[in-house]
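Reviewing the structure listed below.
Any read-out appearing in this document is the output of simple, stated calculations on the displayed coordinates, not a laboratory observation. The structure presented is a predicted model; accordingly, all values stated were derived computationally and were not measured. Cβ sites come from the backbone with ideal geometry, for glycine too, and all protein chains shown count toward neighbours.
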């Protein structure tokens with residue numbers, strides 16, 4: 001974890017293709033290895049689009065004078081040529097045997113793909129060790145990408161087709177691991193009006209039809225997809241990415257979902273690197289109220305603000321409330337999600353959670369099988385969650401969680417990394433319930449909290 005102070009130093013102008021690389025620096029990584037007490041770390045924020053970076057270096061235990069420092073190109077354990085010169089002792093701040101430096105907006109002279117796929121290292125040279133005293137391989141952190149899915153993007157690529165009767169929409173979050181060259185996806189498709197036939201990641205600019213680079217799935221009811229809750233949801237883990245990572249990270253890839261009616265694609269979304277800001281996160285929101293018969297439902301409004309989608313858990317709880325001293329809890333709540341007046345997802349009974357499944361590892365998912373839950377990726381917009389009764393009446397609790405804040409390895413949108421540069425504020429808000437709701441809102445994370 002970066003220190004709070006470092007997070008402020010690393011603040012840069014907003015760019016759309018910035019990824020984070022880190023390096024642990026020591027003599028053992030030199031080839032041949034160097035016996036030295038010096039060690040440290042580096043954090044690089046690299047703009048793939050402009051091939052520039054900001055870099056923070058911190059090294060302790062260095063008694064020798066720095067003669068040069070560079071970014072070299074080379075695999076782990078291999079020596080390689082200099083790609084970018086950083087400078088000697090004069091560019092560092094020394095306090096005894098501790099050296100620090102902050103480099104801003106440095107033009108990288110090396111290969112973009114080699115850098116983001118772990119093929120470059122920081123090397124610090126001294127008179128005692130002219131080949132390098134300490135070294136650290138630069139390893140890219142996983143990158144969070146997002147896509148808002150709609151028909152308009154498809155229509156722009158196929159203007160001759162008639163999409164007037166198609167009102168599908170959805171969203172996706174994608175984690176790209178540059179070192180493993182894999183993508184993991186979570187996506188939700190709503191109001192999909194024709195038979196789902198295929199899905200891919202394509203190479204192409206907005207409004208341009210491009211070739212397939214990564215296969216995702218060919219059936220909405222099998223494998224990585226399901227339609228169990230009234231919408232198509234996809235869960236793909238560590239799929240080998242078949243395209244050009246530089247194009248992926250610079251906005252030249254898109255998700256495409258095909259159907260029998262529209263073989264070239266019925267729903268599409270351009271993939272872009274996330275530009276979220278940490279201070280827009282809310283931990284959870286909750287509203288409690290009475291659910292009766294007929295129209296006596298509990299309603300909560302959900303607003304996804306800004307320009308990026310967010311993956312959320314929406315839960316309707318009843319029987320489990322007894323453990324918290326709530327009397328008269330509803331025995332069997334039903335949960336439905338609406339966009340306007342259209343129901344886009346529904347769950348009645350979460351059922352028994354399968355051990356070690358993704359759902360079972362998300363905190364706050366109901367553990368009582370008669371309670372209900374939806375895990376969806378929502379594009380920006382306004383939605384309504386409605387809790388009604390499947391059996392009986394009583395007090396119900398409606399909860400909404402931003403899954404980026406949930407500490408579980410399998411909830412992809414919780415541990416996905418955050419681009420430290422951002423100018424697209426976005427939050428989830430819940431409001432409006434009847435009758436006499438009670439609100440429980442956690443404190444937003446402060447802006448200075450470091451990325452994980």
Problem - 14 Å reach of a label modelled at residue 94, 7 Å along Cα-to-Cβ, counting backbone N of region 111-129 - result: 125-129
Problem - Cα centroid of region 175-224 to Cα centroid of region 107-125, whole Å - result: 30
Problem - DSSP-defined beta bridges in region 143-273 - what % are antiparallel, rounded to 5 - result: 100
Handout entry: Residues 348, 177, 47 arranged by fewest to most Cβ contacts within 10 Å
Key = 177, 348, 47
Practice task
Set the Förster radius R0 to 51 Å, insert the Cβ-Cβ distance between residue 360 and residue 127 as r into 1/(1 + (r/R0)^6), and round the FRET efficiency to 0.05.
Solution key: 0.30
Practice task
Residues in region 351-380, backbone N under 17 Å from the label point at residue 322 (7 Å along the Cα-to-beta-carbon vector): list them, ranges by number please.
Solution key: 367-372
Problem - Peptides ranked, highest mean first, by Cβ atoms within 10 Å: ranges 126-136, 323-333 - result: 126-136, 323-333
Exercise for the section: Counting only C-alpha contacts under 8 Å and six or more residues apart, can you give the relative contact order of region 71-149 as a whole percent? Expected result: 28
Exercise for the section: Return the Cα extents of region 288-365 along principal axes one, two and three, sorted largest first, each rounded to a whole Å. Expected result: 41, 37, 20
Practice task
For an R0 of 25 angstrom, estimate the FRET efficiency from the Cβ-Cβ distance between residue 227 and residue 367 and round to the nearest 0.05.
Solution key: 0.55
Handout entry: Net length gained if the chain between residue 193 and residue 391 were fully extended (0.36 nm per residue, minus Cα distance)
Key = 68.2 nm
Practice task
With a cut-off of 13 Å, note down the residues of region 96-139 whose backbone N falls inside the zone around a label point 7 Å from the Cα of residue 75 toward its beta carbon.
Solution key: 118-120
Problem - Highest to lowest packing among 56-67, 137-148, scored as the average C-beta count within 10 Å - result: 137-148, 56-67
